[in-house]
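Inspection log for the structure reproduced underneath, given as structure tokens.
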Amino acid sequence: MKILKNDIFIKACKRKPVERTPIWVMRQAGRYLPEYREIRKKYDFLTMCKTPELASEVTIQPVNLINVDAAILFSDILVIPEAMGLELKILENKGPVFLNPVRDKNDFLNLKKINPFKDLKYVLDSITITKNILNGEVPLIGFSGSPWTLLTYMIEGGSSKNFGKVKKLIYDEPDFAHLILDFLADAVTDYLNAKIETGVDAVQIFDTWGGILSPDMFNEFSLNYIKKIISGIKIKDKPVIVFSKGAYFALENIAESGADVIGLDWTSDIGNVRKRIGEKAALQGNLDPAVLYASIDKIRKEASKIIDSFGYGSGHIFNLGHGIHPDTNPDNLKELVRFVKQYSVKYHKSEN
């Protein structure tokens, strides 16, 4: 295995001393880049995900173009339920749609127990190709959706405004919901283990819809299964990031999950969160993605607020509080990356 030339992201995940704050952004391999859009003109989204050479190319684009400190593998959280037998379509103006969602126990029983080395081999091949091309330049992050977030798409059949179907399920048929979530947790654990064995340097669990649950329901239907996944990861030295959007009420509980890093959306003050959870985990975030629409001076000001709020010492990975918007000017992201690298040095001098 090649030694990482830039391991500042990994060190920060483990709260080890670093010379500055590392930065990458969610959805950095995507539509805001003209270079990505050129490829996208020729191929649909799922074809790009399932063609390792294409997935690798767009994974590496932001490393070369934006100079981020980590790459995140181009893929989608819904490849797991698709591999289980749900027919997935990505509609241009509607997003992901399952044509045969899970609505009853017969639908669940028809789901396939997946073997990631066989059923999601294209993802693992993308990792191998990407790692070879990166040649240790920066770490590679693999990811999965949380069981709860996957369940919402599988039950709703796509995106939702009120999540009526999946919430009806957990209120009226909690045992059935737990049965599916347990099945999904096993699949996600196997998937992340396969990614780590294949070569990713860290993994992130996207709990996109964790924040739609009440605190008690979050613990029961989301966090319990995130904990199960983390405890099932075989190689323990690879950092695990948990990003549960909107679940600011559960940060102390997430910090007890075994995660190395907690991702924050932009509704939290990172300094206050640091005080709340102490030294239990590193923190990732949390600039509002819409700040990148603003002037360069405003971008610098808002980024400096977050760095100042976190304060001295390691354990901060700068990121957005959600994925970058597709109509963002890439030059604004480049400036954010440059500024964070330069401005954050003063908070790490005592460590070196």
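Every number in this text was worked out from the coordinates using simple rules, so none of it is lab data. For clarity, every value in this text was computed on a predicted model and none was experimentally measured. Backbone-built Cβ (ideal geometry, glycine too); neighbour counts: all protein chains shown.
Return the calculated 222 nm mean residue ellipticity for the chain, to the nearest 500 deg cm²/dmol, obtained by summing -39500 (n - 2.57) across DSSP H runs with n ≥ 4 and dividing by the residue count. Before the final figure, lay out the partial values.
Working: 17 runs with 160 residues, N = 352.
Theoretical 222 nm ellipticity from helices: -13000 deg cm²/dmol.
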* According to a simple spin-label model (label point 7 Å from Cα along Cα-to-Cβ), what is the distance in nm between E252 and N67? -> 4.2 nm
* Structure fact -> Counting only residues 5 or more apart in sequence or on a different chain, those whose built amide H sits under 5 Å from that of I72 are I141
* Between K275 and Y122, what is the FRET efficiency for a Förster distance of 45 Å, r being their Cβ-Cβ separation, to the nearest 0.05? -> 0.55
* Among T189, T47, rank each residue by its count of other Cβ atoms within 10 Å, from fewest to most, as a rough exposure measure. => T47, T189
* Structure fact -> With R₀ set to 45 angstrom, the calculated FRET efficiency between the beta-carbons of K168 and I296, to the nearest 0.05, is 0.45
* Structure fact -> So, with points 7 Å from each Cα along the Cβ direction, the R31-E53 label distance in nm works out to 2.6 nm
* Asked: Could you give the length gained on full extension between S214 and K334, defined as 0.36 nm per residue of separation minus the Cα-Cα distance, in nm?
  -> 39.4 nm
* How much length is gained on full extension from E19 to L109, taking 0.36 nm per residue of separation minus their Cα-Cα distance? -> 27.2 nm
* Structure fact -> Proxy exposure order for K2, K334, K41 (fewest C-beta within 10 Å first) is K41, K2, K334
* Structure fact -> Scoring the chain by relative contact order with C-alpha pairs under 8 Å, at least six apart, yields a percentage of 23 percent
* Asked: Near K42, which lysines are there with a Cα under 22 Å away, not counting those fewer than 8 places off in the same chain?
  -> K50, K89, K94
* Asked: How would you rank S268, S144, going from fewest to most other Cβ atoms within 10 Å of each one's own Cβ?
  -> S268, S144
* Structure fact -> With label points set 7 Å from each Cα along the Cα-to-Cβ direction at E92 and I133, the distance between them in nm comes to 2.6 nm
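Need the full-extension length gain, K41 to S160, defined as separation in residues times 0.36 nm minus the C-alpha distance. One decimal, nm.
In short, 40.1 nm is gained.
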* Asked: How big is the gap, in Å, between the Cα center of the range 159-178 and the Cα center of the range 114-131?
  -> 31 Å
